[in-house]
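Colleague: Shown below is the structure under consideration.
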Amino acid sequence: IFFFQAEDGIRDAQESRGLGDVYKRQGNNDAYAAQSGQQYPPQQQQQGYSVPDNMNLKKASHPTACIFQILFKALAVFSYFVIDGLSSNGLGEILTIIFSAFDFWTVKNITGRLLVGLRWWSKIKPDGEQDWIFECKLDESKLNSVDKTFFWGGQLIFTGVWLAIFIINTLSLKLTVAFLNLFVFALLIVNLYAYYKCSDEKKKQMSDLATRAGSQVAGQVIKSSLMQGNRA
């Protein structure tokens, strides 16, 4: 007797061997799983995209804060490109400003403190001068990696996006739109720079990066000088 039998994700016509053979194969799979800790042998595993651990919201300490770290930034970009393109009354530009302001306040007062344990503010001293305070309350090495990725990644990426938009519109002489781009970019870069000033970890990373870059440049200069000397 022949029939179409589905085993291991493959359908083909073959002679029926009864349920006993199917159970025997399942038993072999279970035995393999017990020995290796895997559900099925490697050749039977389904290959698919997996979210990197440092971007998996399920592993975040503050998933809601991670979402809001990105939400208003994304809405500002959406308003600028989509809503402004669909309307001719400046609604998109107004919403871009509103969402950017919401994002500035959220990052300064909520997500910066929750996700990376940093905060900054200013106060007026008795002599009338403005005093800027940059504070790091936690050991940054012990912070949740997902929280840090969403905070710094979101801030860096969208700051770069608005800088690029500003440069493009400036070179195209669209100065009115470029002024709006500059406003949004300024809100983002202020938070980014202030939190950089708060973060000992980021300052150390930048120092190490500058040191490595300087070493590479110096090495290239010395190598070029030696090559020119040999040619002479």
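The values are calculated or read from the model by the stated rules, or taken from the named source; none is laboratory data. Here the structure is a predicted model, which means the values were calculated and not measured. For neighbour counting, all protein chains shown are included, and Cβ atoms are generated from backbone atoms with ideal geometry for every residue, glycine included. Note: accessible area is taken over every heavy atom of the protein model, side chains too, but ligands, DNA and RNA are not part of it. Shrake-Rupley method; radii C 1.70, N 1.55, O 1.52, S 1.80 Å.
Colleague: Once the Cβ-Cβ distance between Ala101 and Asp200 is put in as r, and R0 is 25 Å, what FRET efficiency do you end up with, to the nearest 0.05?
Modeller: After rounding, the FRET efficiency stands at 0.30.
Colleague: For the ranges 65-73, 80-88, 154-162, what's the packing order if you count other beta-carbon atoms within 10 Å of each residue, average per peptide, and put the highest first?
Modeller: Taking the mean over residues of other Cβ atoms within 10 Å, the ranking is 65-73, 154-162, 80-88.
Colleague: If you add up the charges near Leu187, with Lys and Arg at +1 and Asp and Glu at -1, over every other residue whose beta carbon is less than 15 angstrom from its beta carbon, what do you get?
Modeller: Counting the neighbours of Leu187, the net charge comes to 0.
Colleague: Roughly how far apart, in whole Å, are the Cα centres of segment 132-175 and segment 62-99?
Modeller: Segment 132-175 and segment 62-99 have Cα centres separated by 16 Å.
Colleague: At a 10 angstrom cut-off on C-beta neighbours, averaged per residue, how do the peptides 165-171, 177-183 rank from highest to lowest?
Modeller: Averaged packing, sorted descending, gives the order 177-183, 165-171.
Colleague: Excluding ligands, DNA and RNA, what is the solvent-accessible area per residue of segment 126-193 at a probe of 1.4 Å, expressed in Å²?
Modeller: For segment 126-193, the per-residue accessible area is 59 Å².
Colleague: Shifting gears a bit: Using label points projected 7 Å from each Cα along Cα→Cβ, tell me how many nm separate Ser88 and Phe183, to one decimal.
Modeller: 2.3
Colleague: Pulled fully out, how much extra length does the chain show between Ile67 and Leu175, if you take 0.36 nm times their separation in residues and subtract their Cα-Cα distance?
Modeller: My answer for the length gained is 35.6 nm.
Colleague: Once R0 is set to 35 Å, what does the formula 1/(1 + (r/R0)^6) return for the Cβ-Cβ distance between Ser122 and Lys59, expressed as a FRET efficiency to the nearest 0.05?
Modeller: The computed FRET efficiency comes out at 0.50.
Colleague: If you don't mind, another one. Among Lys73/Lys125; Lys73/Lys123; Lys59/Lys197; Lys137/Lys204; Lys59/Lys137, which pairs are too far apart, with a Cα-Cα distance over 24 Å?
Modeller: In this structure, Lys73/Lys125; Lys73/Lys123; Lys59/Lys197 lie more than 24 Å apart at Cα.
Colleague: Oh, and also: Computed FRET efficiency, Cβ-Cβ of Asn144 and Lys223, R0 45 Å: what is it to the nearest 0.05?
Modeller: That gives a FRET efficiency of 0.60.
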